[in-house]
Amino acid sequence: MTTFHDLGEAFVQRRKALRKTQAQVAHEAGLRQEEVSRLENARLPDFTVGKLLKVARALNLEVTVRPREESKPTLETVLVEHRAGANTGPGKL
């Protein structure tokens, strides 16, 4: 999960798996239905971490923070870097 959109989609999937409406989740979280909708649709200009945790709790989810896994470059990335003369990593082409 790397974007707010991904986060919102994860909440939608969980809510639907639990057969809950946005209104039900909002009630359990002490929020308005519109706030749950904004989270699910990644419209978050005023959405706080506290609200996020309340929705997660209402959906029986745990929020964790962990280091992101390092991703390896794709072949396409390596070739683009090579063509641009920017490939300075080990095993240059």
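Nothing in this text is a laboratory measurement; each read-out follows from the coordinates by a stated rule. Source: prediction; values computed, not measured. So basically every Cβ, Gly included, is an ideal-geometry build from the backbone, and we count neighbours across all protein chains shown.
From the list Thr64, Thr48, Thr21, the lone residue that is polar (S, T, N, Q) and more than 17 Å from the chain's Cα centre (by Cα) is Thr21.
Within segment 14-28, restricting attention to residues that are polar (S, T, N, Q) and surrounded by 15 or more Cβ atoms within 10 Å (Cβ to Cβ), the residue that is nearest to Phe4 (Cα to Cα) is Gln22.
The single residue among Leu39, Leu31, Leu7 that is assigned to a loop (DSSP other than H, G, I, E, B), surrounded by 15 or more Cβ atoms within 10 Å (Cβ to Cβ) and not basic (Lys, Arg) turns out to be Leu31.
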